[in-house]
Amino acid sequence: MGYADRQLTTGESIAYRARQHWLATVVNGRRAWLLLVAGLAVLVLSTQVKDPATAQQLMLYAGLALTAVALLWIGLIFWDWQNEEYLVTTRRVIKVEGILNKRLADSALEKINDAVVDQNLVGRLFGYADLDILTANEGSFDRFRML
């Protein structure tokens, strides 16, 4: 039983459960992915340096450090993605996020005025869209990205 399941009220049941599309990990982690590519490039370049051994070792250690940091960062992004849930229950729409510190945002179904789905060309190809839920409050909406 997950965190969101424990937040349900008596008589409330889950009608639909989702998470962001896996491409969200690439978009949200683009800096980490670039760091990984840079680290691997430095590792490859370190094998091409033939003159001083210290320069080659320095490049090798720098490439290993960049690659290790990038892999840890990407792992954290995937862990965060795994802990984010979107639920539609019989009474409300819920978004739960966070690893150690949880954040729960919900909108009661009777307070929802409109739902707008925005799907671009890439979203159509890979099967995801953005969802805006407009509630009764003026200018208040929840944006669910890459569902």
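What the table below lists for this structure:
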item: Magnitude of the charge dipole, the chain, Cβ model with Lys/Arg +1 and Asp/Glu -1, debye to 20; result: 340 debye
item: Per residue accessible area in Å² of the range 1-86, where ligands, DNA and RNA are left out and the probe is 1.4 Å; result: 66 Å²
item: Per-residue [θ]222 nm for the chain (sum of -39500 (n - 2.57) over DSSP H runs n ≥ 4, rounded to 500); result: -14000 deg cm²/dmol
item: Convex hull projection area averaged over all views, the chain, Cα basis, nm²; result: 12.2 nm²
item: Given charges at beta-carbon only (K, R positive; D, E negative), |dipole| of the range 79-118 in Debye; result: 220 debye
item: Charge dipole of the chain about the Cα centre (unit charges at C-beta), most positive-ward option of Asn83, Ala70, Asn120; result: Ala70
item: With every protein chain in place, the range 1-137: carbon and sulfur % of accessible area (1.4 Å); result: 61 percent
item: Cα gyration tensor category, rounded, prolate or oblate, for the range 89-147 with a/c compared to 1.5; result: oblate
item: Between helix 53-82 and the chain: long-axis angle, C-alpha atoms, 0 to 90°, nearest 10; result: 10 degrees
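The values are calculated or read from the model by the stated rules, or taken from the named source; none is laboratory data. In this text the structure is predicted, and so the values were computed from the model without any measurement. Heads up, the Cβs are rebuilt from the backbone with ideal geometry, glycines too, and the neighbour counts pull from every protein chain shown. Just the protein is used for accessible areas: all its heavy atoms, side chains included, with ligands, DNA and RNA removed. Shrake-Rupley method; radii C 1.70, N 1.55, O 1.52, S 1.80 Å.
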